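Please read the structure below before turning to the comments.
The values are calculated or read from the model by the stated rules, or taken from the named source; none is laboratory data. Not measured: the values here are computed from a predicted model. Reconstructed Cβ throughout: ideal geometry from the backbone, glycine too, with neighbour counts over all protein chains shown. These area figures cover heavy atoms from the full protein model, side chains too; ligands, DNA and RNA do not enter into them. Shrake-Rupley method; radii C 1.70, N 1.55, O 1.52, S 1.80 Å.
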Amino acid sequence: MEGWDPQNLILPEVGKLCRSQSEYLDQHFKTQKDVSSSSTSSSCLLSEWTKHCSDYDNRLLHLRTTLMDRTLSWISSSFRAKASLSNLNLTLSASSQYGTALKRLLGEELRLLALQLHRIHFIRQYVETALRLEALVGDLEDVVFSSGNHRPGNMFAKFSTLLTSQDFGVKEEKLLKAIKAMNDVEEIIVNVEKSQQWHHLFKSVDHRVDKTLAILRPEALAEHRALLASFGWPPKLLASKVESGGLSKLLNPLLLMHGNEKKSYAQSFHVLCTLQQLHSRREARKFKTLGQKECEIRLWAIDELVTPLAVRMEYHFVKWAEQPEFMFALVYRVTRDFMEGVSDILQPLIDAARLTSYSANEAWVSAMVHILSGFLTKNVFPALAERYKEKDMKLEVISLWLHLVDLIVAFDKQMQSLLRYETCLLFPDAQRRGISVLIVFCDRPDWLKIWAKMELKDGWKKLKAVLKDAKAWQIDDKHRVDFDVSTICETFLLSSREAHKAPFVAESALKIAQEMIDRCQTLPDILSRAKFVRSTVARFFWYFSNVLLLHCRNAELPPEELDGSAFVRACESINAARYVESKLQEWSDDASFLEMTIAESNSNMQEQHQGFYDDCFFEEEIKCLAELETNWLMEIIAVLLRQFENLTLEYNHTEDSNAFIEALQSLKSQLHVLKKNLNGKDFLDLWRSVADGLDHFICGSILGGDVKFSKKQSNEFGTDMQALFLVFQPFCARPEAFFPCIRDILKLLAMSGEEVKHLLVGKKSEKYMQSYGISHLRFDLVEKTLRKLKF
């Protein structure tokens, strides 16, 4: 205490002293005189405090000594325990089987002890977490049920239209306190569930918080609704101007707010956004950890703007039951006219509330679309579906239903055009967010099925009308061009209908199918869209493939009566199938169809159609068309070969070149017709297959016959084969390359006697024959050919 000077002390402020300290000072310093250093009271207090300090110093020294002694004792005990355990381990290791058993027993006991310690730690952690959650949930319930008579629904007094900012400030403060408490609870649950899965505890807490939310949300929405009504929302709708085609702009109360109105609305909007953010966070957590269904959450504050509008609109909708175009016009007009206020007033409030991934414009458009889809779901489509069951009403219902779908498709495009700028930046595919009236079909597969039947029937009706036209199977004459070897590569790069030489009916079928696809593009549910396309477009192309097949069968005549017109009809079907096949493959590679393919593969539909949707959406339809092309190409090839065989029967027996030349002339004219009418890719396969068939046929005729080849006969055969090559000269630069067997026979017939002798007595190997230029005939066939030579 040496050097202690009271003058150097800095006394604390009176407000910072605790109650006991204040009472002690009041007891000993009752007057100003008692404070002076010369007073008896001060001297006594100084002595008393000096004694207390000395006692505390002695006590601290004693504690230090005691701590040192106990530390040394613990260290000594630790060393003894360590030594004992080491000796025990050595003893057990050196002992007999009883020692081993004892060691195993001690190990088991230690393991159980560790498990019990872990269990105790787990229980302690659980209890601490439960107590923290209980305290927070209790505070939350105190905030919610503390006002008035503690009954749900009485947190706030009845809201009057003459709302004062002071009243709202109190209510907003209580709401924000409750939201903060719920956020604290959510934070604890999120942090704890990373390491523990206490589902029962979380469910219990969620149940109590949900009960609180069930009170807070309706009250907050009621407050917001009354606030909207106080400044004139919803505005009046001039439906008469819609009927007359008037387009005067509606007044937007959001843009007319000012002063306290604007401030109160911003505060209320902020409360709703904060409450929704909490709700979204809780729902996302439940979906992830508890396996509960994730709810579709729209922007509550926007819904409160739309709900009263919906009531007024539905009044007019009922009057326009027979004129649905007025419904769509009214909804679009209201949505468009209020977009400016929504964007300028509400988007900054959403950003201020830090409600991420929400667009005011998109929420507004989506909510307005929901008004119309809701009305159609409740009042329009059920009646149409019932009337569709009556046979006498089917045609009328189909007309009304398809007209309504036309209006929906046009309306969806209009509504999505309102979001074209921000949708590109934030949400690349607007329909995924439900901005489509076609959402009415997603929850009603029976209506989707009815719609698909109507679309298919309408598409088939359109196709039959096209087939009645004389020009349906025509091919543009300007594309019936002769082959030019220098442009063969370009000929096989088929893209357009003209390049495929497809008839007009193929383009019409694709156009009808494309219209079906376009009409369902805004269906929000991917699987519903896939189901619709399979029920309409896919089935439509099965019908179309039957049309092509029947068209081909009408061309099926006996070979001896087959003329150019029959070939033309077959080519028309083949070209149409090839063109449609290429388009279906192109559509299947599109992102939207790839998305549907993946969705189907991940759904139960994969079990019903295993393997159909692995790579290509229209895989089965493409296979059907490809099979049609292949079968009829093979039919044409078979006809050409049979005709050639029939015409060369005499040539094979008498070696009459006139018969062979006649067969070549017939083949040339038929190939010319096919070249002119068949698409380049299929004609390439056709003439190569014909060449291969002729190669084997002529080779087999020579080897199977009894003809002997003299020098003269060999030359005549060579001349005939050159004439054969000339038939295929327009299609390639070296036609002889496509007749390998004939080419080998010509080489054998041109050999000298000495070469024939060496070849017959030489090694019977491929390498040996290749040294003579023979690479496609087996040695037995080579030997057979050589023995037909006469020298």
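The single condition from (1) closer than 30 Å to Arg281 by Cβ; (2) part of a helix (DSSP H, G or I) that Asp406 fails is (1).
Condition check ((1) outside any loop (DSSP other than H, G, I, E, B); (2) charged (D, E, K, R); (3) at pLDDT 60 or above; (4) closer than 30 Å to Arg298 by Cβ) across all residues:
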residue	(1), (2), (3), (4)
Ile439	yes, no, yes, yes
Lys449	yes, yes, yes, yes
Ala452	yes, no, yes, yes
Leu456	yes, no, yes, no
Trp460	yes, no, yes, no
Val466	yes, no, yes, no
Val481	no, no, no, no
Thr487	yes, no, no, no
Ser495	no, no, yes, no
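Each row is one residue, and each column tells you yes or no for (1) under 25 Å from the mean Cα position of the chain (by Cα); (2) in contact (Cβ under 8 Å) with a residue 24 or more places away in the chain.
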| position | (1), (2) |
| --- | --- |
| Val334 | no, yes |
| Val342 | no, yes |
| Leu349 | no, yes |
| Leu355 | yes, yes |
| Ala360 | yes, yes |
| Trp364 | yes, yes |
| Ile371 | no, yes |
| Leu376 | no, yes |
| Leu395 | no, no |
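Scanning region 356-365 for residues that are among the aliphatic types (A, V, I, L, M) and open to solvent by less than 10 Å² (accessible area, probe 1.4 Å) yields Ala360, Val365.
Yes or no, residue by residue, for (1) in contact with a helix residue (DSSP H, G or I) (Cβ under 7 Å, 6 or more places away or on another chain); (2) buried (at least 19 other Cβ atoms within 10 Å of the Cβ); (3) of a type in the set (A, V, I, L, M); (4) in the same structural domain as Ile179 (by the TED database):
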position: Lys288; (1), (2), (3), (4): no, no, no, yes
position: Leu330; (1), (2), (3), (4): yes, yes, yes, no
position: Met339; (1), (2), (3), (4): yes, no, yes, no
position: Leu346; (1), (2), (3), (4): yes, yes, yes, no
position: Lys378; (1), (2), (3), (4): no, no, no, no
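Of all residue pairs spaced 6 or more apart or on separate chains, those with beta-carbon atoms under 9 Å, a first member in region 127-141 that is under 14 Å from Met182 (Cβ atoms) and a second member that is of a type in the set (S, T, N, Q) are Leu133/Ser204; Val137/Thr212; Leu140/Thr212; Glu141/Thr212. For region 282-300, state whether one or more residues are of a type outside the set (Val, Ile, Thr) and over 28 Å from the mean Cα position of the chain (by Cα). No - not one qualifying residue is present in region 282-300. For region 766-791, filtered to residues that are under 60 Å from the mean Cα position of the chain (by Cα) and part of a helix (DSSP H, G or I), the residue that is nearest to Phe709 (Cα to Cα) is Gln770.
This table checks each residue for (1) in a helix (DSSP H, G or I); (2) at pLDDT 80 or above; (3) not assigned by the TED database to the domain that holds Leu213.
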position	(1), (2), (3)
Arg151	no, no, yes
Leu175	yes, yes, no
Lys180	yes, yes, no
Glu187	yes, yes, no
Val190	yes, yes, no
Lys194	no, no, no
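Quick check on region 191-205: of everything there that is surrounded by 15 or more Cβ atoms within 10 Å (Cβ to Cβ) and either without any contact (Cβ under 8 Å) to a residue 24 or more places away in the chain or within 32 Å of the chain's Cα centre (by Cα) (or both), which residue is farthest from Ile123 (Cα to Cα)? It comes out as Ser204. Residue-level check: of (1) modelled with pLDDT of 90 or more; (2) open to solvent by less than 10 Å² (accessible area, probe 1.4 Å), Leu419 misses just (1).
Can you confirm whether Pro324 is within 34 Å of the chain's Cα centre (by Cα) and modelled with pLDDT of 90 or more? Lay out the reasoning, then the answer.
Working: within 34 Å of the chain's Cα centre (by Cα): yes; modelled with pLDDT of 90 or more: yes.
Yes, satisfied.
The set of residues in region 314-328 being more than 12 Å from Asn379 (Cβ to Cβ) and open to solvent by less than 60 Å² (accessible area, probe 1.4 Å) consists of His316, Phe326, Phe328. When region 220-254 is filtered for residues that are at pLDDT 85 or above and out of contact with any Pro (no Cβ under 7 Å at 6 or more places or on another chain), the ones remaining, listed by number, are Ala220, Leu221, Ala222, Glu223, His224, Arg225, Ala226, Leu227, Leu228, Ala229, Ser230.
Restricting attention to region 446-478 and to residues that are surrounded by 14 or more Cβ atoms within 10 Å (Cβ to Cβ) and more than 39 Å from the chain's Cα centre (by Cα), the residue that is farthest from Arg387 (Cα to Cα) turns out to be Ile475.
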